[in-house]
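K.L.:
This structure is in structure tokens; I'll ask about it shortly.
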Amino acid sequence: MGSPRSSGGVPVYVMLPLDTVSRDGQLQRPDELAERMSRLKRAGVEGVMVDVWWGIVERDGPLLYDWAAYLDLAGLANRIGLRLHAVLSFHSCGANRDDDYHVPLPRWVTDAVARDPDGLLFADRAGTKSDEYLSLWADEAPMMIMDGTAEAARMEHAPPRTPLECYRDFMVSFKGAFAEILGSVVTEVLVGCGPCGELRYPAYAASRGWEFPGVGEFQCYDRRALESLRAAAVNAGRPEWGAAGPHDAGTYNSHPDDTGFFSNGKGRIRSPNGRWDSDYGRFFLGWYSQELVAHGDRVMGAAADVFNGTGARLALKCAGIHWWYRTRSHAAELTTGGGNGVPGYDGIMAMCRRRGVGVTFTCAEMSDGEHPPEMRCGPEGLLRQVVAAADRHGVEISAENALYRCDSGAYKQMVRNSMGLSGDGGGGMHSFTFLRLCDSLMEPDNFAQFETFVRDMSGDSAGGR
């Protein structure tokens, strides 16, 4: 299913601008977009990827879907001869680095959140809420939806929908709208499972004061999260572990050795309690990671029910949390739900195999040596670890760059990581998505380097391998 890999090469896709579709549902700058997509086609690009924003499509009210602009985009891609990968983006846009566009969750969702913020939003230890993505512990909790639209009035006596039902209904409507081109033009549906569309917790965000390379904070303090934690602690025979998350895990901008929980015992703070590799730490991290995997399983299970048989490949995205990777605790990964937590990456891949979905992983443009050594970054080792986990479980893996770069060093690293890491039979990634189409990429010198990169990814030249 999806895009066939070129013989000996890796097909390249290009992520379209965040604002390709305006907040009122209009395809923006269509003539310029058509010209640029045509240039991508001539350069050998296989297709484009686009965020399909929940806050745009269902902006007018519950169950009121507007797919017109995205259908226009699919038609444009088809005329040019490009495939389209659609990212069903159930998160808000604007919290990620380099985001210059803001798309909130649908107004009727934010209204429901306002009535029950402690039950629908992730919260950190201080009680600060994240409005990037609805809490995974609320997946099956009915939201009180009160909207003034005629459709909502007609449905006045209908039962409230859960977030998971909202995601499923969105997918069903997408399938109906794109039925004639699913599997032919729209060859992949990547389903957002968290902030920035990634299966992770919102443990770091500039909007809450985080700065790179802070370890971030655990996001397990909303009402339902604490209920789940208490139940898990009782079940483990240690009810005293269920009152809260780790007390000594620091704050958003802490470094591992500033904390007792993440320290290797050599830092400024040493604590006899609550370390990540203690009995308590293994309990907490196992619960925290398993809850994330269970959320991915629920969302991707719904996606598989909807899209199986359409011919479109299903995938989810995993984040490249590479800072502090070269420490024993992998602190930044732990706060986002991965890393040394059990089940961690293997649990994610086992779930993907069970649901028949692929994985897209970020930070393929990065090398260890380009980061300051004191930050202990390890993007290369992290990518190898995730690829190895995917291979163990027989999961197709794709890659993308985390940050926009068009220098030769980044291109060579992308080719190296895409062509030779995976052991899935072809020796490379299923596909690569370049972030992103922009004015800078279209500059003559930059586009010439990009064309060389696409050619190298096709296997037509050595490309720095």
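The values are calculated or read from the model by the stated rules, or taken from the named source; none is laboratory data. Fair warning: this is a prediction, and the values are worked out from it, not measured in the lab. Note: ideal-geometry Cβ built from the backbone for every residue, glycine included; neighbour counts use all protein chains shown.
K.L.:
Which one is surrounded by the most Cβ atoms within 10 Å (Cβ to Cβ), of the residues in region 440-463 that are among the polar types (S, T, N, Q) and part of a loop (DSSP other than H, G, I, E, B)?
P.N.:
Taking the candidates together, the pick is SER458.
Per-residue answers, yes or no, for (1) part of a loop (DSSP other than H, G, I, E, B); (2) under 25 Å from the mean Cα position of the chain (by Cα); (3) touching a residue at least 40 places away in the same chain (Cβ under 8 Å):
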{"site": "PRO17", "(1), (2), (3)": "yes, yes, yes"}
{"site": "SER38", "(1), (2), (3)": "no, no, yes"}
{"site": "GLY44", "(1), (2), (3)": "yes, no, yes"}
{"site": "GLY55", "(1), (2), (3)": "no, yes, yes"}
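K.L.:
Could you tell me whether ALA402 is surrounded by fewer than 24 Cβ atoms within 10 Å (Cβ to Cβ), part of a loop (DSSP other than H, G, I, E, B) and of a type in the set (Gly, Ala, Ser)?
P.N.:
yes
K.L.:
Still on this model: Across region 188-198, what is the number of residues that are assigned to a loop (DSSP other than H, G, I, E, B) and in contact with a helix residue (DSSP H, G or I) (Cβ under 6 Å, 6 or more places away or on another chain)?
P.N.:
1
K.L.:
Right, something else. Of the residues GLU365, GLU374, GLU380, only one is acidic (Asp, Glu), surrounded by fewer than 24 Cβ atoms within 10 Å (Cβ to Cβ) and within 20 Å of the chain's Cα centre (by Cα); which?
P.N.:
Every option except GLU380 fails the conditions.
K.L.:
Examine region 328-335 for a residue that is under 29 Å from TYR167 (Cβ atoms), over 16 Å from the mean Cα position of the chain (by Cα) and part of a loop (DSSP other than H, G, I, E, B), and state whether such a residue exists.
P.N.:
Checked region 328-335: no residue is under 29 Å from TYR167 (Cβ atoms), over 16 Å from the mean Cα position of the chain (by Cα) and part of a loop (DSSP other than H, G, I, E, B).
K.L.:
Determine, yes or no, whether MET37 is under 22 Å from ASP439 (Cα atoms), in contact with a His (Cβ under 7 Å, 6 or more places away or on another chain) and surrounded by 21 or more Cβ atoms within 10 Å (Cβ to Cβ). Show your work before the answer.
P.N.:
Numbers: under 22 Å from ASP439 (Cα atoms): yes; in contact with a His (Cβ under 7 Å, 6 or more places away or on another chain): no; surrounded by 21 or more Cβ atoms within 10 Å (Cβ to Cβ): yes.
No, not satisfied.
K.L.:
Working only within region 189-242, note down all residues that are closer than 30 Å to VAL172 by Cα and of a type in the set (Phe, Trp, Tyr).
P.N.:
TYR201 - this is the single residue of region 189-242 that is closer than 30 Å to VAL172 by Cα and of a type in the set (Phe, Trp, Tyr).
Results for (1) crowded, with 21+ Cβ neighbours inside 10 Å; (2) over 22 Å from the mean Cα position of the chain (by Cα); (3) assigned to a loop (DSSP other than H, G, I, E, B), shown as yes or no for each residue.
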residue	(1), (2), (3)
ASP51	yes, no, no
GLY61	no, yes, yes
TYR65	no, yes, yes
LEU84	yes, no, no
VAL87	yes, no, no
TYR101	no, no, yes
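K.L.:
Just for region 173-187: of the residues that are in contact (Cβ under 8 Å) with a residue 12 or more places away in the chain and part of a loop (DSSP other than H, G, I, E, B), which one is farthest from GLU46 (Cα to Cα)?
P.N.:
So the residue we want is ALA179.
K.L.:
Could you tell me whether any residue of region 382-401 is modelled with pLDDT of 95 or more, of a type outside the set (A, V, I, L, M, F, W, C) and either on the phi > 0 side of the Ramachandran plot or touching a Pro at 6+ places or on another chain (Cβ under 7 Å) (or both)?
P.N.:
yes
K.L.:
If you don't mind, there's one more thing I want to ask. Considering each of GLY265, GLY281, GLY274, GLY260 in turn, give the residue that is modelled with pLDDT under 95 and not in a loop (DSSP other than H, G, I, E, B).
P.N.:
Result: GLY281 is the single residue among GLY265, GLY281, GLY274, GLY260 that is modelled with pLDDT under 95 and not in a loop (DSSP other than H, G, I, E, B).
K.L.:
Right, something else. Buried (at least 22 other Cβ atoms within 10 Å of the Cβ), in contact with a helix residue (DSSP H, G or I) (Cβ under 9 Å, 6 or more places away or on another chain) and not charged (D, E, K, R): is that true of LEU437 in this structure?
P.N.:
Details: buried (at least 22 other Cβ atoms within 10 Å of the Cβ): yes; in contact with a helix residue (DSSP H, G or I) (Cβ under 9 Å, 6 or more places away or on another chain): yes; not charged (D, E, K, R): yes.
Yes.
K.L.:
Being in contact with a Gly (Cβ under 6 Å, 6 or more places away or on another chain) and modelled with pLDDT of 95 or more narrows it down to one residue among ALA249, ALA302, ALA312, ALA294; which is it?
P.N.:
Exactly one residue qualifies, and that residue is ALA312.
K.L.:
Taking only region 318-339 into account, find how many residues are farther than 14 Å from TYR201 by Cβ and buried (at least 18 other Cβ atoms within 10 Å of the Cβ).
P.N.:
Residues that pass the stated criteria total 8.
K.L.:
Tell me which of these PRO343 doesn't satisfy, since it passes every other one: (1) under 23 Å from CYS220 (Cβ atoms); (2) surrounded by fewer than 24 Cβ atoms within 10 Å (Cβ to Cβ); (3) at pLDDT 95 or above.
P.N.:
Result: PRO343 fails condition (3) only.
K.L.:
Sort out which residues of region 199-238 are over 13 Å from TYR252 (Cβ atoms), in contact with a Pro (Cβ under 9 Å, 6 or more places away or on another chain) and assigned to a loop (DSSP other than H, G, I, E, B), and write them in order of number.
P.N.:
Once the filter is applied, which keeps residues that are over 13 Å from TYR252 (Cβ atoms), in contact with a Pro (Cβ under 9 Å, 6 or more places away or on another chain) and assigned to a loop (DSSP other than H, G, I, E, B), region 199-238 yields only ASP222.
K.L.:
Moving on. Name every residue in region 289-329 that is closer than 28 Å to ASP368 by Cα and out of contact with any Pro (no Cβ under 8 Å at 6 or more places or on another chain), in order of residue number.
P.N.:
LEU292, ALA315, LEU316, LYS317, CYS318, ALA319, ILE321, ARG326, ARG328
K.L.:
A further question follows. I'm trying to understand the selection: among the residues of region 353-366, which are more than 17 Å from LEU435 (Cα to Cα) and either in contact with a strand residue (DSSP E or B) (Cβ under 6 Å, 6 or more places away or on another chain) or part of a loop (DSSP other than H, G, I, E, B) (or both)?
P.N.:
Going through region 353-366, the residues more than 17 Å from LEU435 (Cα to Cα) turn out to be 353-358.
Those that are more than 17 Å from LEU435 (Cα to Cα) and either in contact with a strand residue (DSSP E or B) (Cβ under 6 Å, 6 or more places away or on another chain) or part of a loop (DSSP other than H, G, I, E, B) (or both): GLY356, VAL357, GLY358.
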